[in-house]
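Structure record follows, encoded as structure tokens.
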Amino acid sequence: MQLSVNGERRDLGGDPRTTLLDFLRHSCGLTGTKKGCDHGQCGACTVLVNGIRINSCLTLAVMHEGDEVTTIEGLGTPADLHPLQAAFVAHDGYQCGYCTPGQICSAKGMIDEATRGWASFVSEDLSATPRLTREEIAERMSGNLCRCGAYPNIVDAILEVVE
Ligand code: FES
């Protein structure tokens, strides 16, 4: 049994009760994905599975055989930041930074969701840019908590990417 993590094949061995979050952190060594509540409440563990954002603490790794998982490490590198990562830096979209990987993965998934939704509503052009308002972004990102309260800057960063 295998899945792909950031483009690399990984074996799904070990305890079948292992969550995807613990698999990523402990079996893959990808500690960018954070454990906050471990109960689906905070969004710190958000990753993309086949392009859809999910809370990795709420699903078992063995349920993802054949899936493509993308973590924050798969979005960009320090030398080549993803546009969302660069925007979070430019807008100070964090304070302690603990929630930031989940925020950015969630924002990536949200933009892709909005792009697909907007495209299917307006045209078949899947490259159509979503036109999200500040309020829509705040609502769509409400599953990702920031205990530092950096929400205005997080929304500013996402707005820069979608505008
Ligand atoms: Fe998964 Fe909080 S650690 S939602």
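Tabulated data for the structure shown
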quantity: Yes/no for residue 105 being buried (at least 21 other Cβ atoms within 10 Å of the Cβ), within 11 Å of the ligand (Cβ to nearest atom) and either part of a strand (DSSP E or B) or not aromatic (Phe, Trp, Tyr) (or both); calculated: no
quantity: Test for residue 69: is it closer than 15 Å to residue 108 by Cβ, free of Cβ contacts under 8 Å to residues at least 40 places away in the same chain and of a type outside the set (Lys, Arg); calculated: no
quantity: Residue 31 being farther than 14 Å from residue 69 by Cβ and among the β-branched types (Val, Ile, Thr); calculated: yes
quantity: Of all residues making up region 7-17, the number that are at negative phi and over 20 Å from the mean Cα position of the chain (by Cα); calculated: 6
quantity: Odd one out for residue 38 among (1) away from the ligand (no atom under 15 Å from the Cβ); (2) on the phi > 0 side of the Ramachandran plot; (3) not hydrophobic (A, V, I, L, M, F, W, C); calculated: (1)
quantity: Residues of region 1-50 satisfying the condition of being hydroxyl-bearing (Ser, Thr, Tyr), closer than 21 Å to residue 97 by Cβ and buried (at least 16 other Cβ atoms within 10 Å of the Cβ); calculated: 33, 46
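To keep it simple, each residue is scored yes or no on (1) among the basic types (Lys, Arg); (2) within 16 Å of the ligand (Cβ to nearest atom); (3) touching a residue at least 12 places away in the same chain (Cβ under 8 Å); (4) over 24 Å from residue 159 (Cβ atoms).
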| residue | (1), (2), (3), (4) |
| --- | --- |
| 3 | no, no, yes, yes |
| 15 | no, no, no, yes |
| 30 | no, yes, yes, yes |
| 43 | no, yes, yes, no |
| 60 | no, yes, yes, yes |
| 94 | no, no, yes, no |
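Quick grid of which residues meet (1) under 25 Å from residue 7 (Cβ atoms); (2) basic (Lys, Arg); (3) at pLDDT 95 or above; (4) assigned to a loop (DSSP other than H, G, I, E, B):
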position: 48; (1), (2), (3), (4): yes, no, yes, no
position: 117; (1), (2), (3), (4): no, no, no, no
position: 127; (1), (2), (3), (4): yes, no, no, yes
position: 154; (1), (2), (3), (4): no, no, yes, no
position: 161; (1), (2), (3), (4): yes, no, no, no
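Here's the yes/no breakdown for (1) aliphatic (A, V, I, L, M); (2) part of a helix (DSSP H, G or I); (3) farther than 20 Å from residue 112 by Cβ; (4) not assigned by TED's automatic domain parsing to the domain that holds residue 112:
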site: 10; (1), (2), (3), (4): no, no, yes, yes
site: 23; (1), (2), (3), (4): no, yes, yes, yes
site: 37; (1), (2), (3), (4): no, no, yes, yes
site: 53; (1), (2), (3), (4): no, no, no, yes
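The values are calculated or read from the model by the stated rules, or taken from the named source; none is laboratory data. This structure is a prediction, so every number in the text was calculated from the model and none was measured. With ideal geometry, Cβ positions are generated from the backbone for all residues, glycine too; neighbour counts draw on all protein chains shown.
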